[in-house]
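The values are calculated or read from the model by the stated rules, or taken from the named source; none is laboratory data. All figures in this text were calculated on a predicted structure; none of them were measured in a lab. Note that each Cβ is placed from the backbone with ideal geometry, even for glycine, and that neighbours are counted across all protein chains shown. Note: areas computed on protein heavy atoms with side chains; ligands, DNA, RNA excluded. Shrake-Rupley method; radii C 1.70, N 1.55, O 1.52, S 1.80 Å.
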Amino acid sequence: MTIHKEGYTSLAITVLFIFVLNAVIQFYLPQAHALKWFIYILSALLFLIILQFFRSPKLTITKDETQVLCPADGKVVVIEETEEPEFLKDRRIQISVFMSPINVHVNRNPISGVIKYFKYHPGKYLVAWHPKSSTENERTTVVTENSAGTQVLFRQIAGAMARRICWYVKEGDKVEQGEQFGFIKFGSRVDIFLPLGTKVKVNINDVVKGGRTVLAELTPPEGAQVVKAETKAVTTEPTAEPVLVTDLPAKPVKVARAKAPAKKSDKKIS
């Protein structure tokens, strides 16, 4: 377990605040023993809360092109068929994961592939479970296409508390399943849009783990070759420099299997 680099500044500010607060109490109220112990306990709790919020566990990722890994720790709050109007412009299965303040806030790539689309949207700060938060809140939209030609769209969505989104990817980047693509501070939500016919492996209110829980199994296009599963330990920190900027449940619905376009992959399998 390590501390994510996004937390260095917050931890430094917290330590400085605790030091000043305790120094003031000690200097001006040296005899107020009950108050001093209260402040000591409060200070320790504050430090532990900030420390656990920015924790970044090292994971061993099992990569499989037929599977979609959960992009974030949290709880599944939406599984439904809906229209994706921004980029895909067709019917998709939407799975939404709500991240509470006690969750790990690292965001991870659900599949391997190439980033075909990326856009940052400034917006509102509605509570993350609001129906319109997916389209009106501050957010990023990322579309990754795997070697079989399947595109998966996912979004980081800011909530009422989370007003700082960090991302580490851009269009054209080649990304690996399970590696970090971003970070959201102080609780929010991640939406993921999958092709119709995808086999969903989770249910409403399931507690999921980023990079470990399999959200769904993709149906590859007819004739497409698929990359075999591969286990790999991923680093706790992304290599690229981040870009920084200043919660319902619905019942699952049955979705129809869509005909996917045939596309052969020329990627060789080892």
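Among residues of region 61-78 being in a strand (DSSP E or B) and open to solvent by less than 10 Å² (accessible area, probe 1.4 Å), the one that is modelled with the lowest pLDDT is Ile61.
The number of residues in region 196-214 being open to solvent by less than 30 Å² (accessible area, probe 1.4 Å) and among the charged types (D, E, K, R) comes to 0.
Please work out if Ala23 is out of contact with any Pro (no Cβ under 8 Å at 6 or more places or on another chain), farther than 27 Å from Ser188 by Cα and surrounded by fewer than 18 Cβ atoms within 10 Å (Cβ to Cβ). I'd like the intermediate steps shown before the answer.
Values: out of contact with any Pro (no Cβ under 8 Å at 6 or more places or on another chain): yes; farther than 27 Å from Ser188 by Cα: yes; surrounded by fewer than 18 Cβ atoms within 10 Å (Cβ to Cβ): yes.
For Ala23, the condition - out of contact with any Pro (no Cβ under 8 Å at 6 or more places or on another chain), farther than 27 Å from Ser188 by Cα and surrounded by fewer than 18 Cβ atoms within 10 Å (Cβ to Cβ) - is met.
Do we have Ile192 as at pLDDT 85 or above and over 17 Å from Val97 (Cα atoms) here? No: the conditions fail for Ile192. Would region 46-53 turn up any residue that is under 30 Å from Asn203 (Cβ atoms), assigned to a strand (DSSP E or B) and either touching a strand residue (DSSP E or B) at 6+ places or on another chain (Cβ under 6 Å) or at pLDDT below 90 (or both)? Checking region 46-53: not a single residue is under 30 Å from Asn203 (Cβ atoms), assigned to a strand (DSSP E or B) and either touching a strand residue (DSSP E or B) at 6+ places or on another chain (Cβ under 6 Å) or at pLDDT below 90 (or both). With respect to the conditions (1) modelled with pLDDT under 90; (2) touching an Asp or Glu at 6+ places or on another chain (Cβ under 6 Å); (3) among the charged types (D, E, K, R), Arg164 lacks only one, and its number is (2).
Set side by side, the residues Leu11, Leu29 differ, and just one is on the phi < 0 side of the Ramachandran plot and within 39 Å of the chain's Cα centre (by Cα), which is Leu11. The condition of being open to solvent by 10 Å² or more (accessible area, probe 1.4 Å) and either closer than 19 Å to Leu59 by Cβ or at pLDDT below 90 (or both) holds for only one of Glu217, Glu176, that being Glu176.
Can you tell me how many residues in region 134-159 are surrounded by 18 or more Cβ atoms within 10 Å (Cβ to Cβ) and not in a strand (DSSP E or B)?
7
Taken together, the criteria exclude Asp90 from residues that are crowded, with 16+ Cβ neighbours inside 10 Å and modelled with pLDDT of 85 or more.
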